[in-house]
Amino acid sequence: MTVAERTPLVEMQHINVAFGGVHAVQDATIDLHAGEVIGLVGGNGAGKSTLMRVLSGAHPADSGSILIDGKPVSIKSPRDAKAYNIETIYQTLALADNVDAPANLFLGREKTTRLGSLDDSAMEAETRKVMGRLNPNFTRFKMPVKSLSGGQRQAVAIARAVYFNARIMIMDEPTAALGPAETAQVRNLVRQLKDEGIGIFLISHDIHDVFDLSDRISVMYHGEIVGTVNKDEVTTDEVLGMIILGKPPTEVTETELAALHA
Amino acid sequence: MTNVADTAPASGQVQPPARTSIRGLIAQTEIDLRLFGMLLALGVILLTFNILSGGKFFQPTNMVTLAVQASGVAVIATGMVLVIVSRNIDLSVGSLVGVIAMTYALLMTDWMPNILGMGPDFPFRWLIALGLGIGLGALVGGLQGFIIAYIGVPSFIVTLGGLLSIRGVVWYLSSGAARSGLDPNFQLIGGGAQGSIGGTLTWILALVGCVAIVVLLLNGRRQRRRFDFPLRPVWAEVMLGVLGCAAVVAVAAFANANLWPQGLAARIAARDNWGPTPEGGWQIPTGFPYPMVLLLGVTLVMAWLATRRRFGRYVYAYGGNPDAAELAGINTRWTILKTFVLMGILCAIAAAIASARLNGATLDVGQSYELYVIAAAVVGGTSFAGGIGSIPGAVLGAFVMQSLAYGLSFMGVNSPGQNVVAGIVLIIAVGFDTFNRRRGS
């Protein structure tokens, strides 16, 4: 791939986020190209989700800059992020449990009639279309999403991200709550979105998922980015070493590796 | 999901399985069962008192009085639904009603004639006073809402403070004295024989209501057809239409069976030269009292805001999951602030009804309203967990609570006794609801 020569779709540079005295993200720099999947990995509390929350506007950074198509942008709220076609599938799914699937899909971006009233029929029709592709068996369009199964809820959250022509997609543990069949579906979806030229940040604990789907892998450790590696140039062991030891493979000593395997 | 790029098949159009059980038949009409149940409960309460009183209770005069008494609380309850749905509470409504009622009284007895130069003959004095009261309500509500939404002080605390301090302001405004003598036009807002829309208008209103029901049903069907959604069976549509229209006509007929008192009719007849008193006295139907018409208007507007507008959608979504609403890019603070502005406006309307009925204001107008309003909303199905509640439910809740109070007082039960029953009913209603929801989920 010659992606490195083109202007990246997203560049996050020297991002810092602190909660009180704790540095959740420290001087993190990461980039993403169109049609590329970056696997973002690291232990619990490594700062993956926080870094992505900066990009999705859920938590503004204390310092650092974000560039989209090479131009600096200001993302202070989820609304800003959506204006740049950044869509996020949160680990918690971020669904309003008490309203139905169409209301969730269009939450904050409702279709309205000419007089500004909600056009529920139009929203339901669109939801039927997009869910027809994602989950053809889905029929409970009028039920509060609370009453749906885990996979169906995930489908609603994914539909919301897919529907609005995302250019950049953030997926935070998209398969954590799913069974094997549904996990396979999500994997297919990631490949397909990638083929459509969407840039994807994929946060996952599942190292096999990451190796399977990513082009490059960024490893975070204690709020810092340890390194970004091309998937084809590393082994799973080396990536695991980065996750656990917080050092690039070249800096890891024999004794440390031995200790890891002991 | 193997191929997202595929054009959408016309999926999800699966018709619900044909059901023949009663439950299935009801499901096909898509009636809100909760609301239907409450309507039934209200009917049972009224009927029970009617039997206990030997048929005296269920008379037009009683029912119209009951409706007028319930209207103030019901008006505010429509707003309390949105406040509770978005995980807040407003304890200041009673005091706010008190201060606005006193403002109306002072405006019309003192400030307007003496300061603003608007004597008794000034045109639309009543409307100007009402506008100022609504403005005051919106302002106080907005201030509380701002402190809650933007500064982040819990609504319980802010409105508890409001409950105490606003009631204190009433005392300072009036120097501790009651005020009376409102504009005669303003007094009509409070109902009574003259404060009603009369027989003809009542029938016209009923006709409009019937037409609206039919148009809504037809429009709903058209929308569903436009998008190829499953349609309600025709028998269900027809039944809903017929039942709805019958209910509207019955209520109108009932209100029109309420006649002007003979003394009042004779007095007005003499004043306006209606001619000789007919055989059997004057038979002038009062029709719907203005407070009921106001309540109807408020209910329609609030239900429209809650279900047909973005504002309502955001209130419910926030109540269901505040984080999700925030992450969806909704301006949640502004939404919360607006719910409290609405509360202020509704309090001003309720204050107008209360002060107009009194023809003035005392220090304790609106006392304990917060409790009745919250009870009405909760009995009407609003959940303190947030995200659940309906405007028509709260109005029905207000009527259930008021029917109990009115019925008990009709049976000679004193006010403490009424409170005992009201408290127990509140707990039973919510307990029953909680049990039902748990079983349902």
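Rule-based calculations on the coordinates, nothing more; no lab input. Please read these numbers as outputs of a predicted model, since none were measured by experiment. So basically every Cβ, Gly included, is an ideal-geometry build from the backbone, and we count neighbours across all protein chains shown.
Which residues among region B:359-388 fall inside the zone where the amide N is under 14 Å from a point 7 Å beyond the Cα of B:Asp110, along Cα→Cβ?
The answer is B:361-363, whose backbone nitrogens lie closer than 14 Å to the label point.
Considering the options A:Leu134, B:Leu205, B:Thr159, tell which one lies farthest towards the positive end of the dipole of the protein assembly as shown, charges being +1 on Lys and Arg and -1 on Asp and Glu at the Cβ, about the Cα centre.
B:Leu205
Normalise the Cα radius of gyration of region A:95-164 by 2.2 N^0.38 Å (N = residues in it) and let me know the number.
1.02
Go through A:Pro102, A:Ala161, A:Met123 and say which Cα lies farthest out towards the positive end of the charge dipole of region A:95-164; charges sit on Cβ, +1 for Lys and Arg, -1 for Asp and Glu.
Most positive-ward Cα: A:Ala161.
Dipole magnitude of chain A about its Cα centre, charges +1 at Lys/Arg Cβ and -1 at Asp/Glu Cβ only, in debye to the nearest 20? Write down the numbers at each step before the final one.
Values: 25 positive and 33 negative charges, 272 e Å.
It comes to approximately 1300 debye.
To the nearest 20 debye, what charge dipole does region A:95-164 have about its Cα centre, counting +1 at the Cβ of each Lys and Arg and -1 at the Cβ of each Asp and Glu? Don't skip to the end; give the middle numbers.
Working: 11 positive and 7 negative charges, 35 e Å.
For this selection, approximately 160 debye.
Counting Lys +1, Arg +1, Asp -1, Glu -1, what net charge surrounds B:Asp433 among other residues with beta carbon under 13 Å of its beta carbon? Write out the running numbers ahead of the final one.
Numbers: positive: B:Arg34, B:Arg437, B:Arg438, B:Arg439; negative: none.
Spelling it out: positives minus negatives among the neighbours equals +4.
For A:Lys231, give me every one of the lysines with a C-alpha distance below 22 angstrom, ignoring sequence neighbours fewer than eight places off in its own chain.
Candidates past the 8-residue exclusion: A:Lys48, A:Lys194, A:Lys247.
Per DSSP H run of n ≥ 4, the term is -39500 (n - 2.57); total these for chain B, divide by its residue number, and report the mean residue ellipticity at 222 nm rounded to 500 deg cm²/dmol.
On the way: 17 runs with 297 residues, N = 441.
Computed mean residue ellipticity for chain B: -22500 deg cm²/dmol.
Rank the residues B:Val315, B:Val64 as a footprinting-exposure proxy: fewest other Cβ atoms within 10 Å of their Cβ go first. Please list the in-between numbers first.
Values: B:Val315 30, B:Val64 24.
Sorted ascending by nearby Cβ count, the order is B:Val64, B:Val315.
Per-residue counts of other Cβ atoms within 10 Å, averaged by peptide: what ranking do you get for A:55-64, B:398-407, A:246-255, A:209-218, highest first?
On the way: A:55-64: 18.6, B:398-407: 24.2, A:246-255: 13.1, A:209-218: 21.0.
Packing proxy ranking, top to bottom: B:398-407, A:209-218, A:55-64, A:246-255.
What is the sum of charges, Lys and Arg at +1 and Asp and Glu at -1, for the other residues whose Cβ falls under 12 Å from the Cβ of B:Val214?
Details: positive: B:Arg221; negative: B:Glu237.
Once all neighbours under 12 Å are counted, the net charge is 0.
Loop by DSSP (not H, G, I, E, B), at most 13 other beta-carbon atoms within 10 Å: where is the longest site-free stretch of chain B for GluC sites (Glu not before Pro)? Please list the in-between numbers first.
Working: sites that count: B:Glu30, B:Glu279.
With GluC sites (Glu not before Pro) excluded where exposed in loops, chain B gives B:31-278 as its longest stretch.
For the protein assembly as shown, taking Cα atoms only, what is the radius of gyration to one decimal and the Dmax to the nearest whole Å?
31.3, 117
To the nearest Å, what is the center-to-center distance of region B:348-368 and region A:74-101, using C-alpha atoms only?
Between the Cα centres of region B:348-368 and region A:74-101 lies a distance of 45 Å.
Could you calculate the contour length gain from B:Leu201 to B:Phe146, that is, 0.36 nm times the residue separation minus the distance between their Cα atoms, to one decimal place in nm? Intermediate results must be reported in sequence, preceding the final value.
Details: separation 55, 0.36 × 55 = 19.80 nm, distance 4.15 nm.
Contour length minus the Cα-Cα distance gives 15.6 nm.
Expressed as a whole number of Å, what is the distance separating the alpha-carbon centroids of region A:26-51 and region B:36-76?
Comparing the Cα centres of region B:36-76 and region A:26-51, I get a distance of 64 Å.
Find which of B:Ala324, B:Ala105, A:Gly35 sits farthest along the positive direction of the dipole of the protein assembly as shown, computed with +1 on the beta-carbon of Lys and Arg, -1 on that of Asp and Glu, about the Cα centre.
Going by the Cα projections, it comes out as B:Ala105.
Find the percent of Cα-Cα distances in chain B that exceed 29 Å, and round it to a whole number. Before the final figure, lay out the partial values.
Working: 52192 of 97020 pairs.
Within chain B, distances greater than 29 Å cover 54 percent of Cα pairs.
Taking the Cβ of A:Ala166 as the center, what net charge do the other residues with Cβ under 13 Å away carry, scoring Lys and Arg +1 and Asp and Glu -1?
On the way: positive: A:Lys82, A:Arg109, A:Arg160, A:Arg167, A:Lys194; negative: A:Glu87, A:Glu196.
Computed value for this residue: +3.
With +1 assigned to the C-beta of every Lys and Arg and -1 to the C-beta of every Asp and Glu, and no other charges, what is the dipole magnitude of the protein assembly as shown about the Cα centre in debye, to the nearest 20?
On the way: 51 positive and 49 negative charges, 566 e Å.
Using Cβ point charges on Lys, Arg, Asp and Glu, the protein assembly as shown gives about 2720 debye.
Over 32 Å apart: what share of the alpha carbon pairs of chain A falls there, rounded to a whole percent?
Tail of the P(r) past 32 Å holds 25 percent of the pairs.
Which of the lysines could a cross-linker span from A:Lys142 if the Cα-Cα distance has to be under 18 Å and same-chain partners fewer than 8 positions apart are dropped?
List returned: A:Lys111, A:Lys129.
Based on the mean of other Cβ atoms within 10 Å per residue, sort peptides B:427-434, A:34-41, B:163-170 so the most packed one is first. Please report the intermediate quantities before stating the final value.
Values: B:427-434: 13.8, A:34-41: 23.2, B:163-170: 16.9.
Packing proxy ranking, top to bottom: A:34-41, B:163-170, B:427-434.
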